[in-house]
Amino acid sequence: RVLLHPDGFLRHALLSLGLISDDVFLLNNIGAVIVVSVYTCLPFAILPIYAAAEKFNFSLIEAARDLGASRFKAFCSIFIPGIKRGIYTAIMVVFIPAMGSYAIPDLVGGVDGEMLGNKIAIRASAYRNLPEAAALAAMLSIIITIPIIIALIRQRRSAKNAPANAPAAKNAAGGIAK
């Protein structure tokens, strides 16, 4: 809020560089909510992606480059699928708190900064409309549960397919299948 304030450093810097005009305010709009949400959720996204990338075998990218793939093609077809579990984890870890966030829209969004978590908090505290707040909370729970169930189903399918393919792959590589 200090950076986005009308007298804040960021607004004065953008004004002095001529990137924004005097009538543009960085606070109390949906853009501020998005910027602050990204700022607060970004560490939660970086951590699982970094953990997956740290375990990645980078010699696979070198092999793809040796076989004629461009850097971009090697990145998209080798690296991204190699860390997809970290990407899925990052999406889930960020999605759940972002959906229930109510403090960020209140602090930087002003009147326009309403999100589902914010609407639940307003209905429960200010309006004392507990049935509507409960219905919104149930809807939020369903919205959050559906991607988790999809991720679990995909994980079970990949785990079910992995043991079935492992002996054949080992046998094809010259190993002895049990």
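Summary of values
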item: Heavy-atom accessible area order for PHE9, PHE44, PHE95, PHE79, largest first, 1.4 Å probe; result: PHE9, PHE44, PHE95, PHE79
item: Cβ crowding within 10 Å averaged over residues, with 13-20, 31-38 ranked highest first; result: 31-38, 13-20
item: Extension gain from TYR127 to ASP22, taking 0.36 nm per residue of separation minus the Cα-Cα distance; result: 34.1 nm
item: Extension gain, LEU10 back to LEU42 (0.36 nm per residue minus Cα-Cα distance, nm); result: 9.5 nm
item: Debye intensity ratio I(q)/I(0), log10, the chain, q values 0.08, 0.10, 0.15 Å⁻¹ (C-alpha model); result: -0.46, -0.67, -1.04
item: The chain: calculated mean residue ellipticity at 222 nm from DSSP helix runs of at least 4, using -39500 (n - 2.57); result: -21000 deg cm²/dmol
item: Calculated FRET value between ALA162 and LYS84, using beta carbons and R₀ = 22 Å, to 0.05; result: 0.95
item: Distance between modelled label sites at SER70 and GLU54, nm, 7 Å Cα→Cβ extension; result: 3.3 nm
item: Protein-only accessible surface order, largest first, of CYS76, CYS41 at 1.4 Å; result: CYS76, CYS41
item: Most fluctuating residue given options PRO105, PRO131, PRO43, as computed from a GNM of the chain linking Cα atoms under 10 Å; result: PRO131
item: For region 88-140 versus region 4-23, the gap between their alpha-carbon centres in whole angstrom; result: 30 Å
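The values are calculated or read from the model by the stated rules, or taken from the named source; none is laboratory data. What you see is a predicted model, and the numbers here were worked out from it, not measured in a lab. For neighbour counting, all protein chains shown are included, and Cβ atoms are generated from backbone atoms with ideal geometry for every residue, glycine included. Surface areas here come from the heavy atoms of the whole protein model, side chains and all, with no ligands, DNA or RNA. Shrake-Rupley method; radii C 1.70, N 1.55, O 1.52, S 1.80 Å.
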